[in-house]
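Asks: Structure provided below as structure tokens; questions to follow.
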Amino acid sequence: MTKLLAQDQDKTSGAPAEKPRAGALKPIPEDALILIPMRNTVLFPGVITPVTVGRPSSIAAAQEAVRSERKVGFVLQRDAQKNEVTPDDLYWVGTAGQVVRYITGGEGAHHMVVQGQNRFRAIEFLPGWPFLVARVQYIEKPEEQEGKLTPDIEARFLQLKAQAVEAIQLLPNAPEELAVVVQGLTSPGLLADMVANLLDVKLEEKQRLLETFDLPTRLDRVLAMLSERVGVLRISKEIGEKTKKEFDERQREHVLREQMRQIQKELGEGEDTGAELAELKKQIEDAGMPEDVHKHATKELKRLQRMGEGSAEGSMLRTYLEWLAELPWKDAPAPEIDIAKARQILDEDHYGLDKIKRRILEHLAVRKLNPTGKSPILCFVGPPGVGKTSLGQSIARATGRKFQRIALGGVHDEAEIRGHRRTYIGALPGNVIQALRRAESKNIVLMFDEIDKLGQGGFHGDPSSALLEVLDPEQNSHFRDNYLGVDFDLSKVMFITTANMLDTIPGPLRDRMEVIQLPGYTEEEKLQIARKYLVKRQLERNGLSEERLEITDEAIQSVIHDYTREAGVRNLEREIGAIVRSAAVKIAEGNVDKVRVDKADLQEILGPSRFEGEIAQRTSVPGVATGLAWTPVGGDILFIEASRTPGNGKLILTGQLGDVMKESAQAALTLVKSRAEGLGIDAASLEKSDIHVHVPAGAIPKDGPSAGVAMFMALTSLLTNRVVRNDTAMTGEISLRGLVLPVGGIKEKVLAAMRAGITTVMLPKRNQKDLQDVPEEASRKLQFVPLETVDDAVRTALVERTAPKPEPMLAD
């Protein structure tokens, strides 16, 4: 069967509607159908066709039909432009079909393949569903389905079949199998519906055929329409033959024009094209190409000279040769590296990051002493807003090279890296070659930004695999772009990559890079960054100067502590921008000449404090502990809450926890039960209670074993009716023997604790070695308590309540 694409797209619709959950809708009566309005297609019985739905109600209808394995009624809407339709906007006769396949697509569109089965007439539309539902009356199939054809029906059937075969033969590029299918049909009704589906007529005419239940009448109408279309196809075929003849004449004219061009050349006329080709030849000679590339370019240039001026292939070949000629083939000397100047530039552009700067200077020193050596590929990994991209720009300034950046977020096509083959119309080289052409030099700093967000490989190829050759010093001296078709030396390029996390970078690609971790900033570092860079930048952007606006250090510290909680400084800059804009309004109104913003003014400008007293408030009752977590955007704190209710000893876990975190909670409860006597807990009462452990921010998935200590402390606090200190946060995995095992991300977790106002951090004793990477300010402000067993955590963090109020337990 021929498949036609039916569209039901809502141009103004947003994200795809969520698939209804089982049990969310009331049952649909057996004599009712789910209806989907169609904009530009009439579905006939026996026809298989793809359908695209985009309106939320249509998506919900399709998903409910797939879930409940019900038939769907497809009805044509009278006005295709309407997005919200009512029963009065629809034709009440349609086709019931079965959804054969359902695919969720992108950009709000969902696709399904449906097979039409029966005509129906809508009797009554029913309310109560997020989509159209109607009671229907199925139209019985004609008598010919019983195998008995009357002579008048059989005559019409044979005539329709003959005309359908003729129409197929007249159609250009019609599949041969279609004629065989038509010849093999034995049902007049099915043939009439199939031909009606194929007819290129108005939708109203097709709807009229669908509503024609009498078989002889339907056959007559289809015959009349098909006869008209066959006449049109005959005329089209005659026109096509004439067009082919005219095309042959044009080809003859092209040959004559080419001969005329040669004659003009001999006469010294039409020399513009020749001058352009001469200039292109000169560019190729001066480009400094390797011998094999020069030989290839010269050969292609000769081909271009033999082609006609208006040839499409000649235009593509000229573009290709221009790309070859404009690439930086010559080995220009690399700029001299001045280590002292590089250190000065890094210090000017970035505050802190001493370890990172030291590694960058080591890298530059090696490049200076051994310019021909194969230097490693640097990968800056850290949370957003810590300066990864700007570090690459600083390296370019420090080395005197041009800087080019390629954003890899969401790139899913290998051709973005390697380019398209020249056989495709509009083909271009990949982004690597394009960046070199823009820079006009091999000696550049080329940054692949957000390499951890590369799209997954599909039928377009895998871009991460294409990057393996680019980022391998052993291979990139012979990089071959698909468009160029020749080798290009990338060994002179200084490659830098950035990422927020390493987990999503494929192993072979990660193995080619030297990872440099960028931690988050401390409050003191943020204050200095705001003073030296952020305030000045916002003043410049908003047309103010330091003479007209003063923001005190106390105000900036309050913004850092009370209004932002992040590893980087992006939100801090946004808040400073809000302060500057507020001052700009006052100055622009002419009320004042100079504005001074202090801590007391922030509430009026930025609103109330967002984080003040959060931990003290949430940990003021037993059963709550403060944990530390690592995230791709830096460390963060999380609260573990536990509650006790009458029950039979069940453990309830909520907060969108992963499997590992669920197992940590089970291990924590088992450990508490095993130490119940030593902790002063009535073990017998646990069998009559249900324990509910919840981790707030339930919309965010959480996983990992490092919350084991916090879960143990929350349960112990609940069952002993003692509170956990509100100035203490903890991390660590636990074993069933009570040991506290090491975890990762210590540096990020410690910085998160300091940002949240924590003063004491409990961490596994075996993680003490990781504290050497913690900034000096954090080491000075925080007290670290090493944990060997959970007993150390109980002694440090649990305190008696000021006014104990035991949780009441209901009697059995």
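Asks: Which order do peptides 433-442, 544-553, 723-732, 738-747 fall in by mean Cβ count within 10 Å, highest first?
Replies: On the way: 433-442: 17.7, 544-553: 15.1, 723-732: 25.3, 738-747: 19.4.
For the peptides 433-442, 544-553, 723-732, 738-747, the packing ranking is 723-732, 738-747, 433-442, 544-553.
Asks: Just going by the charge dipole of the chain, with Lys and Arg at +1 and Asp and Glu at -1 on Cβ, which of 423, 778, 212 is farthest out on the positive end?
Replies: 778
Asks: Something else about it: Restricting to bridges with both residues inside the stretch 397-527, how much of the DSSP beta-bridge set is antiparallel, in percent to the nearest 5?
Replies: Roughly 25 percent of the DSSP beta bridges within the stretch 397-527 come out antiparallel.
Asks: What is the distance, in nm, between label points placed 7 Å from the Cα along the Cα-to-Cβ direction at residue 31 and at residue 582?
Replies: 6.8 nm
Asks: On average, how much accessible surface per residue is there in the chain, in Å², for a 1.4 Å probe, leaving out ligands, DNA and RNA? All intermediate terms of the calculation are to be shown ahead of the outcome.
Replies: Details: 41190 Å² over 812 residues.
So the chain comes to 51 Å² accessible per residue, rounded to a whole number.
Asks: So, one more: What lysines could a cross-link reach from residue 586, if we take a straight Cα to Cα line under 29 Å and drop same-chain neighbours fewer than 8 places away?
Replies: Partners found: 526, 532, 536, 594, 599.
Asks: Whole Å is fine, so just give me how far the alpha carbon centre of the stretch 664-686 lies from that of the stretch 566-599.
Replies: Cα centroid of the stretch 664-686 versus Cα centroid of the stretch 566-599: 54 Å apart.
Asks: Can you tell me the dipole magnitude for the stretch 499-575 around its Cα centre, using point charges on the Cβ only (Lys, Arg +1; Asp, Glu -1), in Debye to the nearest 20?
Replies: Details: 12 positive and 16 negative charges, 76 e Å.
Value, rounded to 20: 360 debye.
Asks: Here's something else I'd like to know. Can you list residues from other chains, or at least 5 along the same chain, whose modelled amide H is less than 5 Å from the amide H of residue 442?
Replies: 332
Asks: Still on this structure, I have one more. Per residue of the stretch 227-244, in order, report the coupling 6.51 cos²θ - 1.76 cosθ + 1.60 (Karplus, θ = phi - 60°) as ³J(HN,Hα) in whole Hz, putting x for Gly and Pro.
Replies: Running phi through 6.51 cos²θ - 1.76 cosθ + 1.60 with θ = phi - 60° gives 4, 5, 5, 4, x, 5, 5, 4, 5, 4, 5, 4, 4, x, 5, 5, 4, 4 Hz.
Asks: Would you work out the charge dipole size for the chain about its Cα centre, treating the Cβ of every Lys and Arg as +1 and the Cβ of every Asp and Glu as -1, and quote it to the nearest 20 debye? Mind showing how you got there, number by number?
Replies: On the way: 108 positive and 119 negative charges, 163 e Å.
I would put it at about 780 debye.
Asks: With the dipole of the chain worked out from charges on the C-beta (+1 for Lys and Arg, -1 for Asp and Glu) around the Cα centre, which of 337, 174, 113 lies farthest toward the positive end?
Replies: 337
Asks: Quote the charge dipole size of the stretch 451-546 about the Cα centre in Debye, to the nearest 20; the model charges only the Cβ of Lys and Arg (+1) and of Asp and Glu (-1). Please list the in-between numbers first.
Replies: Details: 11 positive and 16 negative charges, 112 e Å.
It works out to roughly 540 debye.
Asks: While we're on this one: Would you list, by chain and number, the aspartates and glutamates whose Cα falls below 14 Å from the Cα of residue 26, excluding same-chain residues fewer than 8 positions away?
Replies: 64
Asks: Among rounded, prolate and oblate, which fits the chain when a ≥ b ≥ c are the square roots of the eigenvalues of its C-alpha gyration tensor, a/c under 1.5 means rounded, and a/b larger than b/c means prolate? Let's see the in-between values first.
Replies: Details: a/c = 2.49, a/b = 1.26, b/c = 1.97.
Judged from the Cα gyration tensor, the chain comes out oblate (a/c at least 1.5, b/c at or above a/b).
Asks: Then there is this: Which residue, 361, 499, 186, has the largest displacement toward the positive end of the dipole of the chain when charges sit on each Cβ (Lys, Arg +1; Asp, Glu -1)?
Replies: Positive-end residue among those listed: 361.
Asks: Among the lysines, which have Cα under 16 Å from the Cα of residue 341 when same-chain residues fewer than 8 positions away are ignored?
Replies: Leaving aside lysines fewer than 8 places away in the same chain, those within reach of residue 341 are 357, 368.
Asks: Still on this structure, please answer the following. Determine, from the Cβ-Cβ distance of residue 358 and residue 589 and an R0 of 41 Å, the FRET efficiency 1/(1 + (r/R0)^6), rounded to the nearest 0.05.
Replies: Values: r = 49 Å, r/R0 = 1.20.
Calculated value: 0.25.
Asks: What share of the DSSP beta bridges in the stretch 630-781 is antiparallel, in percent to the nearest 5? Each step should come with its number before you reach the end.
Replies: Working: 10 of 18 bridges.
Around 55 percent of the beta bridges assigned by DSSP in the stretch 630-781 are antiparallel ones.
Asks: List the chymotrypsin sites (Phe, Trp or Tyr not before Pro) within the stretch 32-93 that DSSP assigns to loop and that have no more than 16 neighbouring Cβ atoms inside 10 Å.
Replies: 92
Asks: Right, another one. Report ³J(HN,Hα) in whole Hz for each residue of the stretch 728-735, in order, from the Karplus equation J = 6.51 cos²θ - 1.76 cosθ + 1.60 where θ = phi - 60°; Gly and Pro get x.
Replies: My calculation for the stretch 728-735 gives 10, 10, 8, 8, x, 8, 10, 10 Hz in order.
Asks: Take every DSSP beta bridge with both residues inside the chain and express the antiparallel ones as a percent of the total, to the nearest 5.
Replies: On the way: 53 of 97 bridges.
The antiparallel fraction comes to roughly 55 percent.
Asks: Here is a follow-up. Report in % the part of the accessible area of the chain that belongs to carbon and sulfur, leaving out ligands and nucleic acids; probe 1.4 Å. Display every interim value, and only then the final one.
Replies: Working: 20380 of 41190 Å².
Carbon-and-sulfur percentage of accessible area, whole number: 49.
Asks: Return the sequence-ordered ³J(HN,Hα) values of the stretch 81-96 in whole Hz as given by the Karplus equation 6.51 cos²θ - 1.76 cosθ + 1.60 applied to θ = phi - 60°, using x for Gly and Pro.
Replies: 7, 6, 9, 9, 10, 10, x, 5, 8, 10, 6, 8, 10, x, 10, 7
The values are calculated or read from the model by the stated rules, or taken from the named source; none is laboratory data. Note that the structure is a prediction, hence the values are computed from the model and not measured. Quick reminder, even Gly has a Cβ in these numbers, built from the backbone with ideal geometry, and neighbours come from all protein chains shown. Areas reflect the complete protein model, heavy atoms only, side chains present, ligands, DNA and RNA absent. Shrake-Rupley method; radii C 1.70, N 1.55, O 1.52, S 1.80 Å.
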